[in-house]
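K.L.:
Pasting in a structure now, in structure tokens, and then I'll have a few things to ask.
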Amino acid sequence: MISWIRQRAVQGYRTLSYPEENLELPGTFYGRPVISAGACPDGCCDCVSSCPTNAVKVDVNVSLDLGRCVFCSDCVAGCPEGKISLSSDFRMAGSSRESLVIYGDEAPMVRQLNDKMLKIFGRSLRIRQVSAGDCGGCKDELNAASNIVFDLSRFGMNVVASPRHADMLLVTGPIPENMRVALEKTYLAMPQPRLVVAVGSCAISGGPFFDSPYCHNGVDSVLPVDLYIPGCPPHPLTVIDALLRLLGRLPKSRWPKVLEQPAAGDKTQSQGTGKP
Amino acid sequence: MLQDFLIFKNAEPLWQNDLPKVSSAALVEKTARNIAAGARLVQWFGQLLASTGTVRLYSILADDTGHRLGILTADLTEGSSYPSLTSMVPAADRAEREVFEQFGIRPDGHPWLKPLRHPVKKAELKTGRTLGLVPENNIGRHYPFWKLAGDAVHEVGVGPVHAGIIGPGYFRFSCVGEQIEHLEIMLGFEHRGAEELIEKAAPARIPILVESIAGDTSIGYATAFAQAVESLAGVEVTGRAETLRAIALENERMAYHVGDLGALAGDVAYWPTTAYFGRLRGEFLNTAMDMGGNRQGRYYVRPGGVKRDLTTPVYERLLKRFINARTEVQECLDQMFGSLSVLTRYDQSACISRENAVAFGFVGPVARSCGVGIDVRTDHPTGYWQLDRHSVVVGKEGSVLDRAMIRKQEIELSLAKILQMLESLPNHETNVFMPVKLAAIRGDFCLSMVEGWRGQVIQTLVLNQDGSIARYKSQDPSFQNWNAMQLANRGNAISDFPVCNKSCNLAYNGHDL
């Protein structure tokens, strides 16, 4: 008993003060890519060929799809002009699939849930996770989000064991055909309204496994998705930032510089109606 | 031992033309005879030879005390059969089922030739947001579970979606009262076609796919893959790069061992350890991030070295972190293992016998917990471990307590070793990264393995003349060890299943590929 008390004193209080205080990850972290302004030399698309998951495109400007990006930094080394860099910013979630394509130093936009939804979920959110072919990375980081450092439950968000108790479904992995039915059944078992979140590049676009004949290239080919959290795997803070912005609980001062996008023409978001 | 086999070493380049060929019956007979003489089955897999349309069977054995590996092959026509090895060598069970599923080569007399991964291509089914309106795919529908007869038997089915943040698999318990008489685990839900994708992928994508087979062993997989590529291309990496890889691998081991012990403590409601280890695990993940940019150690180890050198500030941060961690981890370990209420729950729970461990070819901490002292770092060392010694930790009874103790001791050893490696890190101004391309220069066949935190991670690379991949065979330690979970639960109370599960902590994705 004495050893418990002593250990408790030694361990101290370890939960992050984020978001009350600002938090910056060390520069060693590979976070949201930033594309600097300026024209590329004619005909150069070295960044495109260096990208293992076809995330980088050169049209008029260089663009990078966070949903496909695996944050490997190959394009940083691949660009002779040094136009692409990886910042240590962990904030990069977006509400629509299209919003994940970035052109500069702006992060995608996370649209806050509407008032009706906020009334239901705003202060208490129960989360169910399904691993659908993930490599273990996203699963481990989601587990870490509930540990005493990141402590998701201090925001009233808990991971629950049954879909019947869940408001939100976090899906990781590229959705192998063998897992599709189990995922659909989990979704259908949830009470409405319900939210679906694609976590990690696999769940958004298939990630490293894109165009596998055995997988479905991400959740939104199977279920309607309300929020996309990029990362390979996403840092626990990326997940926390995304969920807090979705629930309108993150102070504006903690927001990244976001790219405002028109809401029209976005069919992927269901806003919890649960209609596929 | 290894009679009639071509002897080679871990990560040694070989030429396919030099590999000894025998008939399929002789392959089975010689494999079984050598295993009876004390060799261990490392790999048994097939390869479709595009030129002739035949399937080549590879049998790879290890003489662990002799630090040698042996290889023998046989060519069969597609759809043919051969006498099953499993009836004599239970360790070949999953491997023979895999060859049957992938190439249709039937092992005659296999005790029960069940599906292994049920590969279903999405093109074979209508896809899209149909929400269950599409007829279900065949997985699980007609799987022949072993049924126990009798009125007293009841079955409990769990999965594939489990009650936590964990991978998918289907477990069927056959119980009498509270006691598990039999557990059968059906896998394959995470089949993503990783090997096929790697064989066809663009060069830049290959290492990313390799790391994503089991992303919790990213460093282990990437190191094994890099060793194979370097060996075939005839490239040697610098001592500094080798040491950095070894540090990253030991760091990965500690992250997961610490996490496992935290989870094990949670399963017996010993929350202080769960909380402290949950936090301490982050220290090791952040170390991986400081070394390579990613908390899971991805994109760090590549053929030709490591992608980022340790700068002096990072070096000092790591050193300080590990010195602190040594005290903190030790205190938490002492508290956990000093608590009788914890130890009683682990002691004598879910035992695996040494005989079963040898017969079924278990590897890693699961094998070591039953007294089978195999460890790639000592038996088949590569890289840093060629110049250093690792003391293998073994247990006695193969119980949950043994597996927890193995983790405790390996954490202590790894921490000491990392500090030693950091202090003796070759400090010369060497380049730690020289990209190496896939090329068949010194050979076109290489088996490379490392001791990941779950056990031996094997990556076998077979190249064509032009350097493209003819066959990529990835084998996770879980491929062997899932059978350990099934065996360990026999006679166990069903309420002890969680501690048994966590004490093995096997990979669904590594098995399902």
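K.L.:
Using C-alpha positions alone, give me the convex hull volume of the protein assembly as shown per residue in cubic angstrom.
P.N.:
Working: hull volume 126.6 nm³, N = 789.
Value for the protein assembly as shown: 160 Å³ per residue.
K.L.:
Using DSSP to call loops (not H, G, I, E or B), can you name the trypsin sites (Lys or Arg not before Pro) in segment B:339-398 whose Cβ has at most 14 other Cβ atoms within 10 angstrom? It would help to have the intermediate numbers written out before the result.
P.N.:
Details: sites: B:R345, B:R354, B:R368, B:R377, B:R389, B:K396; in loops: B:R389, B:K396.
Filter output for segment B:339-398: B:R389, B:K396.
K.L.:
Mind sorting B:I208, B:I219 by how few other Cβ atoms lie within 10 Å of their own Cβ, fewest first?
P.N.:
Details: B:I208 23, B:I219 32.
Least to most surrounded, the residues fall as B:I208, B:I219.
K.L.:
I've got another one for you. Let me have the relative contact order for chain A, percent, based on Cα pairs under 8 Å that are six or more residues apart. Could you put the intermediate results ahead of the total?
P.N.:
Values: 570 pairs, mean separation 59.5, N = 276.
RCO, chain A: 22 percent.
K.L.:
Among A:C138, A:C45, A:C202, which one shows the biggest mean-square fluctuation in a GNM of chain A, springs joining Cα atoms closer than 10 Å?
P.N.:
Evaluated over chain A, the most mobile residue of the options is A:C45.
K.L.:
On to the next question. Can you tell me the FRET efficiency between B:T54 and B:N427 if r is taken as the Cβ-Cβ distance and R0 is 56 Å, rounded to the nearest 0.05?
P.N.:
Numbers: r = 52 Å, r/R0 = 0.93.
Efficiency, from the Cβ-Cβ distance: 0.60.
K.L.:
Let me ask something else. Going by alpha carbons, how many degrees (0 to 90, nearest 10) lie between the helix axis of A:177-189 and the longest principal axis of chain A?
P.N.:
Result, in degrees: 50.
K.L.:
Go through segment B:143-220 and name the trypsin sites (Lys or Arg not before Pro) that are in a DSSP coil and have 13 or fewer other Cβ atoms within 10 Å of their Cβ. Intermediate values should be presented prior to the final figure.
P.N.:
Details: sites: B:K147, B:R172, B:R192, B:K200, B:R205; in loops: B:K147, B:R192, B:R205.
Sparse-neighbourhood loop trypsin sites (Lys or Arg not before Pro): B:K147.
K.L.:
For n ≥ 4 DSSP H runs only, could you compute -39500 (n - 2.57) per run for the protein assembly as shown, divide by its residues and tell me the 222 nm figure to the nearest 500? Provide the component values of the computation, followed by the final result.
P.N.:
On the way: 24 runs with 270 residues, N = 789.
For the protein assembly as shown, the value works out to -10500 deg cm²/dmol.
K.L.:
Under the rule of at least 5 residues apart or a separate chain, name every residue whose amide H is placed under 5 Å from the amide H of A:M157.
P.N.:
A:L125
K.L.:
Using the alpha-carbon atoms, what tilt in degrees (0 to 90, nearest 10) does helix A:236-246 show relative to the longest principal axis of chain A?
P.N.:
Helix A:236-246 sits roughly 80 degrees off the main axis of chain A.
K.L.:
On to the next question. For A:T186, B:T273, B:T311, which order do you get if you count the other beta carbons within 10 Å of each Cβ and list the fewest first?
P.N.:
B:T311, A:T186, B:T273
K.L.:
State, to one decimal in nm, how far the label point of B:A26 lies from the label point of B:A149, with both points 7 Å from Cα in the Cβ direction.
P.N.:
4.5 nm
K.L.:
Still on this structure, please answer the following. Quick one: what Rg and Dmax do you get for segment B:3-86 from the alpha carbons, in Å?
P.N.:
12.7, 38
K.L.:
Could I ask something else about it? In whole percent, what relative contact order does chain B give with Cα contacts below 8 Å and a gap of six or more residues? Walk me through the numbers before you get to the answer.
P.N.:
Working: 1017 pairs, mean separation 97.7, N = 513.
Once normalised by length, the contact order is 19 percent.
K.L.:
Quick check on the exposure proxy: order B:S87, B:S80, B:S503, B:S59 from fewest to most C-beta atoms within 10 angstrom.
P.N.:
Details: B:S87 17, B:S80 13, B:S503 29, B:S59 26.
Least crowded to most crowded, the residues run B:S80, B:S87, B:S59, B:S503.
K.L.:
Exceeding 30 Å between C-alpha atoms, which entries from my cross-link table qualify? They are B:K30/B:K437; B:K320/B:K408; B:K21/B:K396. Write down the numbers at each step before the final one.
P.N.:
Numbers: B:K30/B:K437 36 Å; B:K320/B:K408 21 Å; B:K21/B:K396 40 Å.
Result: B:K30/B:K437; B:K21/B:K396 exceed 30 Å.
K.L.:
Continuing with the same structure: Tell me the relative contact order for segment B:378-513 as a rounded percent, counting alpha carbon contacts under 8 Å between residues six or more apart.
P.N.:
Numbers: 116 pairs, mean separation 22.9, N = 136.
The normalised contact order for segment B:378-513 reaches 17 percent.
K.L.:
Related question: With label points built 7 Å along Cα→Cβ from the Cα atoms of B:R389 and B:T311, find their separation and express it in nm.
P.N.:
3.9 nm
K.L.:
Quick one: Kirkwood hydrodynamic radius for segment B:436-502, alpha-carbon pairs, angstrom, one decimal?
P.N.:
So the Kirkwood estimate lands at 14.6 Å.
K.L.:
Continuing with this model, one more query. What is the distance in Å between the Cα centroid of segment B:409-425 and that of segment A:48-83?
P.N.:
37 Å
K.L.:
Show me the trypsin sites (Lys or Arg not before Pro) within segment B:452-513 that DSSP assigns to loop and that have at most 16 other Cβ atoms within 10 Å of their Cβ. Before the final figure, lay out the partial values.
P.N.:
Working: sites: B:R454, B:R471, B:K473, B:R490, B:K502; in loops: B:R454, B:R490.
Within segment B:452-513, the qualifying trypsin sites (Lys or Arg not before Pro) (loop, at most 16 other Cβ atoms within 10 Å) are B:R490.
K.L.:
Moving on to the next point. Take every Cα-Cα distance within chain B, group them into 20 Å bins from 0 onward, and report for each bin the whole-number percent of pairs it holds.
P.N.:
With 20 Å bins starting at 0, P(r) equals 23, 57, 20, 0.
K.L.:
Take A:I120 and A:D151, extend 7 Å from each Cα along the Cα→Cβ direction, and tell me the distance between the two endpoints in nm.
P.N.:
3.0 nm
K.L.:
Would you look at the GNM of chain A, springs on alpha carbons closer than 10 Å, and say which of A:G206, A:G43, A:G137 moves the most?
P.N.:
A:G43
Every number here is computed from the coordinates shown, using simple stated rules; none is lab data. The model shown is predicted, which means the values in this text are computed figures rather than measured ones. No Cβ is skipped: glycine too gets one built from the backbone with ideal geometry, and neighbour counts run over all protein chains shown.
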